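Below: one structure, written as structure tokens.
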Amino acid sequence: MALASGALTALIPLAILCGAVLTRLGGKDVADRTIDRYGLTGGGAEAVRQIFTSTSAGVGIFGTLFLMVSVLSFTRAMQRLFEQIWELSPLSVRNTPNGLRWALALLGYLAATSWLHAVLGRGRLELAASLVVVPLTAVFFVWSGSVLSAKRILWQDLLPFGVVTAPLTAVSSMGATFYLPHLFSSYATRYGAVGAVFAMLSALFCAMFVIVGSAALGREVRDELDRIRRGERPPDDEVRQEWDNVLGQMRLRWQTTREQFSHRRRNKHPNPP
């Protein structure tokens, strides 16, 4: 949720700024592109148009400062994700130049995938466009882990992460194409223009959930491949031991919960003297 919130506060202003530039060049603005991408109608389309139209008046000094702070906050959150999963010492603001490089590359990646979906997006799920984007997504996320970690993670070690993330991101994108129109419409009907923000936050939450899970799974796959390469074999009963350990912890927690519940009932209904 923290990553999704950071992405919302960073990507939406960036999208508005890029949309303003594209509009001056004769292209569609962000609202029209979003409406066309997801086939929005009625209240959902109107909410998206109000959000992007009302906030696209211009960018001043304070707006630029807020935009930079929001973008760097999001890049630092993504940086901490890789540092925590790969157990690296935090670089914090020292990695700001790499964060800016990644933010620019993210804009390029989003522009490329948006163009591919606009050109190849056919059908309700846009299957062809999602499949074409898969290799681009894998390359981008492998590079992202390398640059956000200041090259402390080798790209070879990030390959499992990229291989896992790319198809899951494609599946998430197809699911968003199917479900987001309903989400925009229902939230707009219930909350008005701010409902579009809730819908975008929900979509970003799903995307960040995929990225976090894929990063953790990619690290586990890399460690397992290293153990296989070194010739290490786990004991035959390791899976059984892990399962017994999980069951034991569950039984202990269940017993503790029952005892606490029984103790509260006795305190609430004491026996008469």
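Rule-based calculations on the coordinates, nothing more; no lab input. The structure displayed is predicted, hence computed values, not measured ones. No Cβ is skipped: glycine too gets one built from the backbone with ideal geometry, and neighbour counts run over all protein chains shown.
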- Please give the contour-minus-distance gain from Thr257 to Leu136: 0.36 nm per residue of separation, less the Cα-Cα distance, rounded to one decimal in nm. 38.7 nm
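Express in nm, to one decimal, how much length is gained between Ser89 and Leu107 on full extension, taking 0.36 nm for each residue of separation and deducting their alpha carbon distance. The partial results should precede the final answer.
Details: separation 18, 0.36 × 18 = 6.48 nm, distance 2.73 nm.
Extra length available between Ser89 and Leu107 comes to 3.7 nm.
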- Message: Take Leu100 and Phe178, extend 7 Å from each Cα along the Cα→Cβ direction, and tell me the distance between the two endpoints in nm.
- Response: 4.3
- Message: Under a crude label model (7 Å from the Cα following the beta-carbon direction), how far is Ala128 from Arg152 in nanometres?
- Response: 4.5
- Query: Tell me, Val69, Val221, Val133 in order of fewest to most beta-carbon neighbours within 10 Å?
  - Reply: Val69, Val221, Val133
- Message: What percentages make up the Cα-Cα pair-distance distribution of the stretch 100-231 when the bins are 5 Å wide from 0?
- Response: 2, 10, 16, 19, 19, 14, 10, 6, 3, 1, 1, 0
